[in-house]
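The values are calculated or read from the model by the stated rules, or taken from the named source; none is laboratory data. Bear in mind the structure is a predicted one, so any value in this text is a computation, not a measurement. Here the Cβ positions follow ideal geometry from the backbone for every residue, glycine too, while neighbour counts run over all protein chains shown. For the accessible areas, the whole protein counts, side chains as well, though only heavy atoms, and no ligand, DNA or RNA atoms are used. Shrake-Rupley method; radii C 1.70, N 1.55, O 1.52, S 1.80 Å.
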Amino acid sequence: MKRQKKSVLVLAALILMFVTVMTACGKPGADGGSSSPSGSSGEAGSKESITLRMTVWGSPEEVAAYKFGIKRFEEKFPNIKVDLQHIAADYDTKLTTMVAGNDVPDIAMMESASIAFPLAEQGKFYNLQEFLDKDEFINVDSLVPNIIYSLEPGNVIGIGPGPESFGLFYNEDIFKDAGIDPPPSKLSEAWTWDEFIEVAKKLTVDSKGRTADDPDFDPKNIKQYGVSVSTWWGVYSNFIYSNGGDFVSEDGKSFALNQPAAVEALQKISDMMNVHHVSPSPVQAKNIPATNVALQTKKVAMAIDGQWATAGLAQSNFNFNVGVMPVLKEPVTTVVCGMFSMFKSTKHPEEAWELMKALIDPEASIEMITSGTWMPSYKNWYTEPDLLAKWTENLDARPSGYNDAIVEVILTKGHQTPTGYVKNFNKIMDIVNPALDKVWLGQQTAQEAMDSIAAKAQEQVQGRRDIK
């Protein structure tokens with residue numbers, strides 16, 4: 001009896017020791033690493049040797065970041081090997097062919113504007129909500145807002161590894177030489193649209209040195225534009241949202257780019273080119289180089305661009321900075337990013353989830369983040385000072401205005417990309433874009449152009465993914 005009781009006590013002690021050790025190992029930062037939610041939610045399935053296939057697109061630098069993340073993952077799970085397939089061109093076409101031929105990877109990089117949702121509608125993707133609900137370290141609240149993509153509420157088809165937003169980049173020396181205060185970086189001090197236009201006029205200079213607010217200004221011979229604003233939907237969506245507009249109605253039933261809020265924002269962008277002459281039209285923009293070169297060579301004084309522009313700007317030899325974009329009604333930034341999706345056909349969903357987590361972890365792509373190309377996906381990398389410092393302090397790609405103009409704004413004023421919630425977005429825009437070309441060239445007003453295609457666009461409206 002005593003021997004049996006002693007055995008039970010010894011067994012209980014061993015169990016207690018085992019639980020204590022396993023608990024310590026599972027805590028974020030227990031191994032001396034960061035406190036980011038990058039730990040495993042448990043053992044990734046069995047210990048059998050398996051291979052996970054993964055497809056990605058991207059530059060050599062991006063592929064190098066993926067390889068680094070995979071190396072860390074394989075060290076953590078030595079029984080798992082990752083077969084990385086880099087598809088450098090025609091990604092969507094090649095991946096679609098692979099899926100049609102039942103040659104399907106376990107996880108893949110996906111673009112929300114193209115094949116992701118069509119494949120999701122065919123039932124090809126695993127619902128990642130299942131993992132987000134039970135994972136100890138990564139969930140909806142631990143991620144930056146607007147980087148989770150859902151086919152419908154509760155059916156998550158992808159998670160973005162690196163969110164991107166927009167800002168107002170500028171050449172500091174141009175402002176200093178002109179004696180003009182630079183764009184504010186704080187949300188509370190953001191320019192109104194009219195203030196923005198007035199500054200842009202003062203910084204738009206013709207071949208004889210006259211600015212756009214001079215009655216004798218020559219708009220046909222501009223040496224320096226006050227600002228460069230792309231006519232890509234990713235850029236102008238910021239101002240549609242800022243003005244309270246949208247691409248489709250709140251209930252998802254109606255085309256909305258011909259409604260007052262959206263029309264006003266589109267017209268203001270057209271007026272920059274055709275009335276105020278402070279931004280190049282699409283025709284004039286053909287002679288304007290990329291943002292980093294355009295600002296450095298003083299072709300433009302300011303440029304509204306994605307935060308990824310900081311990578312090129314950091315390599316340029318001039319004083320640049322970034323401020324918040326001008327505000328119409330409310331400050332907003334559109335959040336864009338690719339996503340990782342898991343195919344439902346995977347035989348190893350638990351292991352594939354752990355691989356996705358390893359690649360989403362900012363530590364895996366820290367070089368891409370510090371270079372200026374990417375931003376972290378974990379929210380605590382924006383809110384915890386030590387983690388924030390890792391990717392924003394003492395770096396050429398992070399000028400003094402960055403934390404206020406980019407970090408704070410994406411965290412508090414982000415809006416999901418329309419490709420993430422507008423059903424049939426591409427087909428709607430196939431109708432919208434040719435009509436907008438006439439607006440950018442000053443041939444039609446925004447109202448006229450959007451009204452002219454409203455009926456055809458309405459035929460393509462199929463609802464929203466963010467409502468039941």
Problem set entry | For the range 84-139, diffusion coefficient by Stokes-Einstein and Kirkwood Rh (Cα), 37 °C, 0.692 mPa s, µm²/s | 256 µm²/s
For this session: Give the carbon-plus-sulfur fraction of the accessible surface of the range 393-452 in %, rounded to a whole number; probe 1.4 Å, heavy atoms of protein chains only.
Result: 39 percent
For this session: State whether the range 307-434 is rounded, prolate or oblate according to the following rule on the C-alpha gyration tensor (a ≥ b ≥ c being the square roots of its eigenvalues): a/c under 1.5 gives rounded; otherwise a/b larger than b/c gives prolate, and the remaining case gives oblate.
Result: oblate
For this session: Pull up all non-local amide H partners of Trp374: gap of 5 or more, or a different chain, and H-to-H distance under 5 Å with H placed in the peptide plane.
Result: Ile369
Problem set entry | Value of relative contact order over the chain, rounded to a whole percent, pairs C-alpha under 8 Å and six or more apart | 23 percent
Seminar exercise, completed: Simple SL model, points at 7 angstrom along Cα→Cβ for Asn319 and Gln122; separation in nm is 5.5 nm
For this session: Hey, for a label at Lys71 modelled as a point 7 Å past Cα toward Cβ, could you say which residues of the range 366-392 have their backbone N under 18 Å away?
Result: 366-371
Seminar exercise, completed: So, with points 7 Å from each Cα along the Cβ direction, the Gln284-Ser345 label distance in nm works out to 5.1 nm
Exercise. In the chain, with Lys and Arg counted as +1 and Asp and Glu as -1 at Cβ, which of these residues, Ala261, Ser400, Leu436, has the Cα nearest the positive end of the dipole, that is, farthest along it?
Worked result: Ser400
Exercise. On the accessible surface of the range 279-374, probed at 1.4 Å, how many percent belong to carbon and sulfur atoms?
Worked result: 48 percent
Exercise. Which residues does a label at Lys176 reach in the range 384-416, if reach means a backbone N under 13 Å from a point 7 Å past the Cα toward the Cβ?
Worked result: none
Exercise. Put +1 on the Cβ of each Lys and Arg and -1 on the Cβ of each Asp and Glu in the chain; which of Ala352, Met109, Asn424 then has its Cα farthest toward the positive end of the dipole?
Worked result: Ala352
Problem set entry | Against the rule of thumb 2.2 N^0.38 Å, how large the Cα Rg of the range 378-420 comes out | 1.27
Exercise. Which distance in Å, rounded to a whole number, links the C-alpha centroids of the range 280-309 and the range 421-453?
Worked result: 23 Å
Problem set entry | Rh by Kirkwood over Cα pairs, then Stokes-Einstein D for the range 286-335 at 1.306 mPa s and 10 °C, µm²/s | 132 µm²/s
Exercise. How would Ser228, Ser207 rank on accessible area, largest to smallest, probe 1.4 Å?
Worked result: Ser207, Ser228
For this session: Just add up the charged neighbours of Ile180: K/R +1, D/E -1, any other residue whose Cβ is under 13 Å from the Cβ of Ile180.
Result: -4
Exercise. Roughly how many Å² is the accessible area per residue of the chain, as a whole number, for a 1.4 Å probe?
Worked result: 45 Å²
For this session: Would you check the accessible area of Asp430, probe 1.4 Å, heavy atoms only, in square angstrom rounded to 10?
Result: 110 Å²
For this session: Report in % the part of the accessible area of the range 150-232 that belongs to carbon and sulfur, leaving out ligands and nucleic acids; probe 1.4 Å.
Result: 44 percent
For this session: Mark the label point 7 Å from the Cα of Thr383 along Cα→Cβ and return the residues of the range 140-184 whose backbone N is within less than 15 Å of it.
Result: 140-146
Exercise. So, in nm, how far is label Lys438 from label Ser59 when the simple model puts each one 7 Å beyond its Cα toward the Cβ?
Worked result: 3.8 nm
Exercise. Per residue of the chain, what 222 nm ellipticity follows from adding -39500 (n - 2.57) for every DSSP H run with n ≥ 4, rounded to the nearest 500?
Worked result: -11500 deg cm²/dmol
Problem set entry | Test item: Cα-centred dipole of the range 243-293, Lys/Arg +1 and Asp/Glu -1 on Cβ, debye | 260 debye
Problem set entry | Cα-based convex hull volume of the range 193-313 per residue, rounded to whole Å³ | 110 Å³
Seminar exercise, completed: With Rh as the Kirkwood radius over Cα pairs, the range 349-415 has Rg/Rh of 1.02
Seminar exercise, completed: Here FRET efficiency (C-beta to C-beta, Asp451 to Thr412, R₀ 22 Å, nearest 0.05) is 0.05
Exercise. Using the Cα atoms as the points, what is the convex hull volume per residue of the chain in Å³?
Worked result: 164 Å³
Exercise. Which trypsin sites (Lys or Arg not before Pro) in the range 220-311 pass both tests, a DSSP loop state and at most 15 other beta-carbon atoms within 10 Å?
Worked result: Lys220, Lys253, Lys286
Exercise. Among all helices in the chain defined by DSSP H, which have a length of 15 Å or more along the axis from Cα atoms plus a Kyte-Doolittle mean of at least 0.5?
Worked result: 2-26
Exercise. Taking R0 as 45 Å, what's the FRET efficiency between Asp214 and Leu395 from their Cβ-Cβ distance, rounded to 0.05?
Worked result: 0.70
Seminar exercise, completed: To the nearest 20 debye, the chain has a Cα-centred charge dipole, built from +1 on Lys and Arg Cβ and -1 on Asp and Glu Cβ, of 1220 debye
